[in-house]
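Presented below is the structure to which this report refers.
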Amino acid sequence: MTTTWQLATGNAHKAEEILAIVADFGVELRTPKAAGLALEVDEWATTFAANAVVKAVAYARATGLPALADDSGIAIDALDGAPGVYSARFAGPGASDADNNARMVRELLLRGKRTSTARYHCVIAVALPTGLAPRADERDLIAGAAPDGLGLDLGDLILHTFSGTMEGAVCDRAEGQGGFGYDPYFRLEDGRPLATLSAADKNALSHRGAALAKLRRWLEQSGPRG
């Protein structure tokens, strides 16, 4: 039986990829737009896992439904792992993809680099309501969330996290029209520009696809759906 979960992202590109990947998972993901939600979630944490949990918690409490959130970004070795959790706002609050990519290229060149090894990270968090009361120490619990962790107990919610990575490199030259974010500047380990892949091919290889594949295995083996 298909059950309804709340998708906890306002990013249309992420939503499109997630909806495509989970189409046969046995859950129906309701978008924020369909739910009439326009939440402004304070992503206060410093890790992908904790920020994914923050978003899943906010949407689960707003709707009373199980919620699925994504936190993801890129870590560039030549930039000491930056932009990391700040990938969406690398060039400042409200930055566009073009702004963030321009800063990324500028930072590479300032370090005398035209390319660098890099990887995309993604953590998917699922929040399942329990009907109990929230715990008072939840902020500390959230801050310590693991990238792959089952059963983080916030009292009113149980959280499960699933992580994925995609290795490759970034360079100072864009190629391709697909994807979003840093995709035009990202090259797979085999040299293919990520933004030249079809959506289906990207989803099969991506950090988001890898994280959601772990979620799928958990659902098939032991995870609740409702």
- Query: Which of the residues that make up segment 194-205 are within 19 Å of residue 97 (Cα to Cα) and either surrounded by fewer than 12 Cβ atoms within 10 Å (Cβ to Cβ) or charged (D, E, K, R) (or both)?
  - Reply: 202
- Query: From the list 164, 178, 191, which residue is small (Gly, Ala, Ser), surrounded by fewer than 16 Cβ atoms within 10 Å (Cβ to Cβ) and in contact with a helix residue (DSSP H, G or I) (Cβ under 7 Å, 6 or more places away or on another chain)?
  - Reply: 178
- Task: Please name all residue pairs, on different chains or six or more residues apart, with Cβ atoms under 6 Å, provided the first residue is in segment 78-101 and is touching a residue at least 12 places away in the same chain (Cβ under 8 Å) and the second residue is of a type in the set (A, V, I, L, M, F, W, C) and assigned to a loop (DSSP other than H, G, I, E, B).
- Result: 83/90; 100/90; 100/91
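Only one residue in 151, 131 is in contact with a strand residue (DSSP E or B) (Cβ under 9 Å, 6 or more places away or on another chain) and either part of a loop (DSSP other than H, G, I, E, B) or without any contact (Cβ under 8 Å) to a residue 24 or more places away in the chain (or both), so which one is that? Outline the logic, then answer.
Values: 131 fails: in contact with a strand residue (DSSP E or B) (Cβ under 9 Å, 6 or more places away or on another chain).
After applying the criteria, what remains is 151.
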- Query: What number of residues within segment 68-104 satisfy the criterion of being of a type in the set (A, V, I, L, M), assigned to a helix (DSSP H, G or I) and buried (at least 18 other Cβ atoms within 10 Å of the Cβ)?
  - Reply: 5
- From 28, 43, 17, residue being acidic (Asp, Glu), surrounded by 13 or more Cβ atoms within 10 Å (Cβ to Cβ) and part of a helix (DSSP H, G or I): 17
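Read-outs throughout are calculated quantities, based only on the coordinates presented, and are distinct from any laboratory measurement. Here the structure is a predicted model, which means the values were calculated and not measured. Virtual Cβ from ideal backbone geometry, glycine too; neighbours counted across all protein chains shown.
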